[in-house]
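Here the structure comes first, spelled out in structure tokens, and everything after it is commentary.
The values are calculated or read from the model by the stated rules, or taken from the named source; none is laboratory data. This one's a predicted model, so the numbers in the text were calculated from it and none came from an experiment. So basically every Cβ, Gly included, is an ideal-geometry build from the backbone, and we count neighbours across all protein chains shown. When the accessible area is computed, the model is the full protein with side chains, heavy atoms only, and any ligands, DNA or RNA have been set aside. Shrake-Rupley method; radii C 1.70, N 1.55, O 1.52, S 1.80 Å.
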Amino acid sequence: MGLLQCGINAGCGERGITGYKTTLRATSLATSRAAAHSCRNGNDFRNTPAMRLDDFDPNINVEDQRGQGGGGGFGGGGGLLFGLVPMIFSRFGCGGVAVLLAVMFFFGGGLGMLGGGGGQSGAPTQQVGQPRAGTDTQSICSVNPESKAACNAFSSADKTWAAIFQRNGQQFQQPKLVFYGGNGQSGCGAAQSAMGPFYCPRDRGVYLDTSFFAELADKFGAKGDFAQYYVIAHEFGHHIQNLLGTSDQVSRIQRSGSEVEGNQASVKLELQADCYAGVWAAQNRDRLEPGDIEEGMTAARAIGDDTLQKQSQGRVVPDSFTHGTSAQRMKWLRVGMESGDPNACNTFEGAI
């Protein structure tokens, strides 16, 4: 069955992780502490074998906004926060805005950001403490180890999905990986660290502040190289959905349906991206190391909507879920890993 047949309205036969980036976002993102899990038998992940990915292809499409401010009229304080509100409201409704406010408050500095202050900013300015931007693929991907890890995973996903599309007689279009530090700009509006990694369908960009990887390990308990790769593979999955038209179909549901219906469609979209991340891993199973699957499952568990809501507000509101529960995210990541088949990732048919 062709990959394009695995859309919202098509049955894909037998069926089988934003996440920090899960509850807020242009495409994704969640935020909150998750229960810490030890990695690889309690060993520090820095001392464990890494998934054996090839070094990145120098021909991947990479951009770097690090070392400069976002510019473009976003002032200090409230401007940074409220610049996100229209984008989140259009996608997730009032519930999404409420989650944004709760997350900003929970992670500290939320009230300060609501306090306003500062006028519109002009040209981008150098940000203190942020790494300088690279100028070409090699230098961009070599800014720090986290950048190289992201580039390696992105390059691997790019090769994997290009090959899958080719086998199905479909045209693949390469996305871009955009690094930013603190504040940046995407085709979907502001890019900010509080949003976590996200995919912007308008410019086909995967946006990443590499400081998120430390958050993933330290605040979410999701340590290890594969947890980082999973983040990139999930966002790459959103690109696949964009190419196949699945994202547009979900957007139409969100515009025409109720808030609950829109959230339900968003959950299915996110779970499918988790499954696509698993497909990428399955297609590269010969490069996996002992403990990689556990790292992926720990990350998926940590960024489930129920886990995040329990941590941030002490209660769970299922109708407000936009990415799925921890159990659902783990399930669909595993479906992709075990099948290696994109057609097994039809989260839009049957129970999830």
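Regarding S193, is this residue among the small types (G, A, S) and closer than 23 Å to E289 by Cβ?
no
Working only within region 151-166, note down all residues that are closer than 12 Å to D57 by Cα and out of contact with any strand residue (DSSP E or B) (no Cβ under 6 Å at 6 or more places or on another chain). Before you say what the answer is, go through the steps one by one.
Quick first cut of region 151-166, residues closer than 12 Å to D57 by Cα only: 151-159.
The answer is C151, N152, A153, S155, S156, A157, D158, K159.
How do the pairs read when you match residues in region 190-201 that are within 12 Å of H239 (Cβ to Cβ) with residues anywhere that are of a type outside the set (A, V, I, L, M) and assigned to a strand (DSSP E or B), using Cβ under 6 Å and keeping only pairs 6 or more apart or on different chains?
Listed pairs, sorted by first residue: F198/Y207; C200/S186.
Identify the residue in region 168-219 that is part of a helix (DSSP H, G or I), farther than 20 Å from S251 by Cβ and hydrophobic (A, V, I, L, M, F, W, C) and, among all such residues, is most open to solvent (accessible area, probe 1.4 Å). Step through it out loud before you land on a result.
We begin by selecting, within region 168-219, every residue part of a helix (DSSP H, G or I); these are 193-195, 211-218.
Subsequent filtering for residues that are farther than 20 Å from S251 by Cβ retains 193-194, 211-218.
So of that shortlist, the ones also hydrophobic (A, V, I, L, M, F, W, C) come out as 194, 212-214, 216-217.
Values: A194: 29, F212: 11, F213: 9, A214: 53, L216: 4, A217: 8 Å².
Residue satisfying both the conditions and the ranking: A214.
Each row is one residue, and each column tells you yes or no for (1) within 30 Å of Q166 (Cβ to Cβ); (2) surrounded by 23 or more Cβ atoms within 10 Å (Cβ to Cβ); (3) under 14 Å from the mean Cα position of the chain (by Cα); (4) at pLDDT 95 or above.
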| residue | (1), (2), (3), (4) |
| --- | --- |
| K223 | no, yes, no, no |
| H238 | yes, yes, yes, yes |
| Q241 | yes, yes, yes, yes |
| S247 | yes, no, no, yes |
| E261 | no, no, no, yes |
| A273 | yes, yes, yes, yes |
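So which residues in region 323-352 are of a type in the set (S, T, N, Q) and either under 18 Å from M297 (Cα atoms) or open to solvent by 10 Å² or more (accessible area, probe 1.4 Å) (or both), if there are any at all?
T325, S326, Q328, S339, N343, listed by residue number.
Given the criteria open to solvent by 40 Å² or more (accessible area, probe 1.4 Å) and assigned to a helix (DSSP H, G or I), does R301 qualify?
Answer is yes for this residue.
Inside region 167-210, can you point out the residues that are under 14 Å from the mean Cα position of the chain (by Cα) and of a type in the set (S, T, N, Q)?
Result: Q192, S193, T210.
Would you tally the residues in region 304-322 being within 18 Å of L271 (Cα to Cα), surrounded by 16 or more Cβ atoms within 10 Å (Cβ to Cβ) and not polar (S, T, N, Q)?
5
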